[in-house]
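Asker: One structure follows; several queries about it will come next.
Throughout, read-outs are computed from the coordinates displayed, never taken from laboratory work. Predicted model, so just to flag it, every value in this text is computed and none were measured. For neighbour counting, all protein chains shown are included, and Cβ atoms are generated from backbone atoms with ideal geometry for every residue, glycine included.
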Amino acid sequence: MIALNRTGHGAPGACDAPGAIAAAIAITSTIVASAIIASTASFALPRYDGLWSVSIVTEKGDCDRGYRYPVRISNGTLANAGDTMITITGKVAGTGAITVTVTAGGKSAIGSGRLAGNIGMGSWTGSWTGGSCSGSWTAQRRGS
């Protein structure tokens, strides 16, 4: 029960429970909505969009020593930008964190790392029936 004074307002020290609960719900809803928007907006940011040159170096395993591929990032999504018959898929977060999968001829590799400004770096591992490789990669943005 809420104690009222003669003016019809809450008496000093009395709690306006329904109003306090409504305010708490409104504040909590705003915080939760902001967190959801921030997390869903972390992908597909154009901050890293453009053409990138990616250099892949094998450090362990039975793969060619190095490769270089052009990669296009559009709305945070990675794709092959060259004419080599490989499939490149992946995402870049608004923070620059990147995940990528490359497949070709029954072989596949997964990589992760970070982009910052016009450069990036990370690591990768690849496997196929009968073998595996791993190494590092670097990237430089070449244009838009």
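Asker: Given contacts defined as C-alpha pairs under 8 Å and at least six residues apart, what's the relative contact order of region 46-143, whole-number percent?
Answerer: Taking the mean separation of contacting Cα pairs over the length of region 46-143, I get 29 percent.
Asker: Take each of the peptides 126-137, 68-79, average the number of other beta-carbon atoms within 10 Å over its residues, and list them starting from the highest.
Answerer: Per-residue mean Cβ counts within 10 Å order the peptides as 68-79, 126-137.
Asker: Taking Rh as the Kirkwood radius computed over C-alpha pairs, what is the Stokes-Einstein D of region 73-126 at 25 °C in a medium of viscosity 0.890 mPa s, expressed in µm² per second?
Answerer: Stokes-Einstein gives a translational diffusion coefficient of 211 µm²/s.
Asker: Give me a comma-separated list of calculated 3J(HN,Hα) values for region 120-125, in order, Karplus coefficients 6.51, -1.76, 1.60 applied at θ = phi - 60°, integers in Hz, x for any Gly or Pro.
Answerer: Once θ is set to phi - 60°, the couplings for region 120-125 become x, 7, x, 10, 8, 9 Hz.
Asker: Roughly how many whole Å is it from the C-alpha centroid of region 89-131 to that of region 51-86?
Answerer: Using only Cα atoms to place each centre, the spacing works out to 8 Å.
Asker: Would you pull out the residues with amide H under 5 Å of Ser132's amide H, same chain only if 5 or more places away, H placed 1.01 Å from N?
Answerer: Counting only residues 5 or more places away or on other chains, the set is Asp62.
Asker: How long is the gain from Ser136 to Asn118 if the chain were fully straight, where each residue apart is worth 0.36 nm and the alpha carbon distance is subtracted?
Answerer: Between Ser136 and Asn118, full extension yields 4.7 nm more.
Asker: Over all directions, the average projected area of the alpha-carbon convex hull for region 46-143 comes to how many nm²?
Answerer: About 5.4 nm², averaged over all directions.
Asker: If I model a spin label at Thr125 and Thr101 as a point 7 Å from the Cα along the Cα→Cβ vector, what separation in nanometres do I get?
Answerer: Between Thr125 and Thr101, the label points sit 1.5 nm apart.
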